[in-house]
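Everything below concerns the one structure shown next.
The values are calculated or read from the model by the stated rules, or taken from the named source; none is laboratory data. Computed from a predicted structure; not experimentally measured. Quick reminder, even Gly has a Cβ in these numbers, built from the backbone with ideal geometry, and neighbours come from all protein chains shown. What goes into the accessible areas is simple: the full protein's heavy atoms, side chains included, and nothing from ligands, DNA or RNA. Shrake-Rupley method; radii C 1.70, N 1.55, O 1.52, S 1.80 Å.
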Amino acid sequence: MALHVYNTLTREKELFEPREEGVVRMYNCGPTVYSRAHIGNLRSFLFADVLRRWLEASGYTVHQVMNITDVGHIQGDEDEGEDKLDVAARREKIDPLEIANRYAEQFLADVAALGVRAPEAYPRATEHIEGMLEIIEALLEKGHAYQVGEDVYFDVTSFPRYGALSGNRIEDLEAGARIEVRSEKRHPADFALWKSDPKHLMKWKSRFGEHGFPGWHIECSAMAIGLLGPELDIHTGGEDNVFPHHECEIAQSESWTGKPFARYWMHAKFLQVEGGKMSKSLGNVYTLADVTERGFDPRVLRYTLIRGHYRQPLNFTWEIMAESRAALEKLDELYRRLRMASEGKGASPGPEDGAELVEAAEERFREGMDDDLNVPIALSALFGLRDAVLAGSLGTVAAERGLAFVDRANDVLAVIDTAEEQPDAEIDALVKAREDARAAKDWAESDRLRDELAARGIVLQDSPQGTIWHRA
Ligand code: AMP
Ligand code: ZN
């Protein structure tokens, strides 16, 4: 089976075929840098990272761009209201660009700690204002946009496919429009391409006026097309981006270029915390800082956020984090035991023994990932292989192949600790002390050490080659 992905645009799982053979152009909606990214945002970014890694593992050259929004994202994703960056700048009494720089740096540090492979570019909206104005001029010229005073709006009625992505219909949007919608728009669903507001902290001079700034949607069109060309293969975001953000991106991009903007639209479902929405009032808008303060390694968060299917709701609790930590220890152990078995320790006598189990695991992993990035299936393949190696079913050659497969799998998931040095030096030392006590026939000490290890959840297996252990 080749890669199939669920396309929000067609509402179907489709065979993935990029426009150019072997090459993928992918744009991911990135963070708005007015505060530190929360774990929900991180779920979206990690989804994009796993997708990119799987595309690369499948042999594609991936041109990936993730933007950084540092202006124009109005609270509530609306056209009217305050810019998130302005609100933060006023709150912290510093320049909005300083806010943007601070949180952009924090974002880069957070995703690096989570093992995210850097895309080709992390463009910032404020560095692409000219490209946005160029598109706006062209849209005006083609009759897709209109100017009211110093503002410019996109005319949704000029784009018949408006609503195709989200399933909204222009008529329904009109009926459901809020009363306070500014009358300067011709249609309530029209959206701002360029806005003017003397009170806005970041503003650019243009032929429309002195105090302008771009709409959030035009930013992503300009950065995506500017860096990847007019026709993308994949565009991603969180489910809240479907409407209005991505719907508006399609309308303005396609009206400008006359070409289909993105072939596959992929959206990650929202992360929930303790079964509900994250909210400031509940104090559960967690960031990576909260995770590390509670003693969890960032890779435990990575595992927690990628372990579910990206289109399924995912819940976050501290208990789940503890379970993830235990699961990761088991995966680390899979790797360690494969290494040992490849050297003969705990291996089945025939070198090829269990080779078919390794093959089946790799097959299951690939099938899972090819099926719209089904990470739970891919993980189950790894846990299945762990059972086989713990049972001593793999010979040295099979174990070597298993090791190579787990390396490849981990190149995609990036959660297993494959370092040579033993992360469990303490447990190894206790196991060794027990072996020494047994050799010296000090049964009392050897029993005491076995009990201590058991209390830590360690199961011992004595074999002619020595004692090996695993977690219960
Ligand atoms: P923002 O910083 O608000 O522009 O959001 C950055 C990305 O995070 C966007 O793609 C959002 O769709 C996504 N996002 C926001 N909240 C969540 C959540 N709870 N779960 C998953 N993704 C989210
Ligand atoms: Zn975007």
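Annotations for the structure displayed:
- Solvent exposure of region 34-156 as accessible area per residue, Å², 1.4 Å probe: 39
- Filtered trypsin sites (Lys or Arg not before Pro), region 422-451: DSSP coil and at most 11 other beta carbons within 10 Å: Lys441
- A cut-off of 5 Å between modelled amide H atoms, ignoring neighbours fewer than 5 places along the same chain, links Tyr6 with Glu14.
- With contacts taken as Cα pairs under 8 Å at a separation of at least 6 residues, the chain carries a relative contact order of 16 percent.
- Taking a ≥ b ≥ c as the square roots of the eigenvalues of the Cα gyration tensor, the chain is classed as prolate, since a/c reaches at least 1.5 and a/b is larger than b/c.
- Length added when fully stretched, Glu445-Leu15, from 0.36 nm per residue minus Cα-Cα: 148.7 nm
- Karplus-derived 3J(HN,Hα) values for region 59-72, using 6.51 cos²θ - 1.76 cosθ + 1.60 with θ = phi - 60°, are x, 7, 8, 10, 9, 10, 10, 10, 7, 10, 8, 10, 6, x Hz; glycine and proline are entered as x.
- Distance distribution P(r), region 331-472, all Cα-Cα pairs, bin width 10 angstrom from 0: 12, 38, 31, 15, 4, 0 percent.
- Beta bridges per DSSP with both ends in the chain, % antiparallel, nearest 5: 55
- In straight-distance terms, cross-link reach from Lys269 covers every one of the lysines whose alpha-carbon lies under 19 Å from its own, apart from those fewer than eight places away in the same chain; here that gives Lys13, Lys277.
- The accessible surface of the chain, taken with every protein chain in place and a 1.4 Å probe, is 49 percent carbon and sulfur.
- Cα-projected label distance for Asn101 with Val459, points at 7 Å along beta-carbon direction, nm: 5.6
- Electrostatic tally near Gly59: other residues with Cβ closer than 14 Å to its Cβ, Lys and Arg +1, Asp and Glu -1, net -2.
- Share of alpha-carbon pairs per 10 Å distance bin for region 19-268, given as whole %: 7, 32, 37, 20, 4, 0
- When shorter helices are ignored and each DSSP H run of at least 4 residues is given -39500 (n - 2.57), the per-residue value for the chain at 222 nm works out to -14000 deg cm²/dmol.
- Protection-proxy order for peptides 396-402, 325-331, 290-296, each taking the mean of Cβ atoms within 10 Å per residue, highest first: 396-402, 325-331, 290-296
- In region 19-268, a dipole from Cβ-located charges (positive for Lys and Arg, negative for Asp and Glu) runs towards its positive end, and of Thr126, Gln64, Ala192 it is Gln64 whose Cα lies farthest in that direction.
- 5 angstrom amide H check on Ala145, placed H, neighbours 5+ away: Leu140, Asp155
- Taking amide H as placed 1.01 Å from N in the peptide plane, Asn374 has its amide H under 5 Å from the amide H of Met369, each at least 5 places away in sequence or on another chain.
- Three-way shape label, region 318-413, alpha-carbon gyration tensor, a/c 1.5: oblate
- Relative contact order of region 318-413, taken over Cα pairs closer than 8 Å and 6 or more residues apart, is 41 percent.
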